[in-house]
Amino acid sequence: MDKDFALIYETYKTDLYRFILSMTQNEDLALDILQDTMLKAAESLGKFRGECTLKTYLCTIARNEYRSYLKANRNPPLPLHELEEPAAPDDVAQQAEDHDLSMRIHCLLHRLDEPYKEVFQLRVFAELRFAEIGKIFGKTENWAGVTFFRAKKKLLAMLEEEDAK
């Protein structure tokens, strides 16, 4: 790996991993897709035209790699919460409450239709700007912002509906 790509890898690996993990809910699979993404990026870096940020370009490759994985493997990976036991927290009550809410939101997120689900993930987990998200979808920055806020509104409504039960 040349020095330029090593710098790209070090700069983006953490954000990219978090984005992939948000989609896969499986640490091992996220690492595999991260490696595949970086390999594909290294091979195609000469084709990068700079029409979006490098982070957006890498997230697009990662998303496509995950979609390819899903097509090739009909059995989805187990979610993280089914694989790991939580660490002992300092404040058990607060940690449990935060974890429960986080799990509820994550489960509800996976019930959202596309493109709401993916736009929400790109904004929250990959921390992309609306302009970057719009470019990934071939849409405008405004479209990405509206879609994100609609996704957020749907998630909040789903949470309220669950609380009412």
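The values are calculated or read from the model by the stated rules, or taken from the named source; none is laboratory data. Nothing here was measured: the structure is a model prediction, and the numbers come from that model. Counting neighbours? That spans all protein chains shown, and the Cβs are built from the backbone with ideal geometry, glycine included.
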message = Filter the range 123-159 down to the residues that are assigned to a loop (DSSP other than H, G, I, E, B) and either more than 21 Å from residue 11 (Cα to Cα) or of a type outside the set (A, V, I, L, M, F, W, C) (or both) and list them by number.
response = 127, 129, 138, 139, 140
remark   = When (1) touching an Asp or Glu at 6+ places or on another chain (Cβ under 7 Å); (2) modelled with pLDDT under 75 are applied to residue 77, the one that fails is (1)
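Table: residues versus (1) at pLDDT below 85; (2) within 16 Å of residue 6 (Cα to Cα).
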{"site": "27", "(1), (2)": "no, no"}
{"site": "30", "(1), (2)": "no, no"}
{"site": "42", "(1), (2)": "yes, yes"}
{"site": "52", "(1), (2)": "yes, no"}
{"site": "59", "(1), (2)": "no, no"}
{"site": "70", "(1), (2)": "yes, no"}
{"site": "73", "(1), (2)": "yes, no"}
{"site": "84", "(1), (2)": "yes, no"}
task = Among the numbered conditions (1) at pLDDT 90 or above; (2) in contact with a helix residue (DSSP H, G or I) (Cβ under 9 Å, 6 or more places away or on another chain), tell me where residue 138 comes up short.
result = (2)
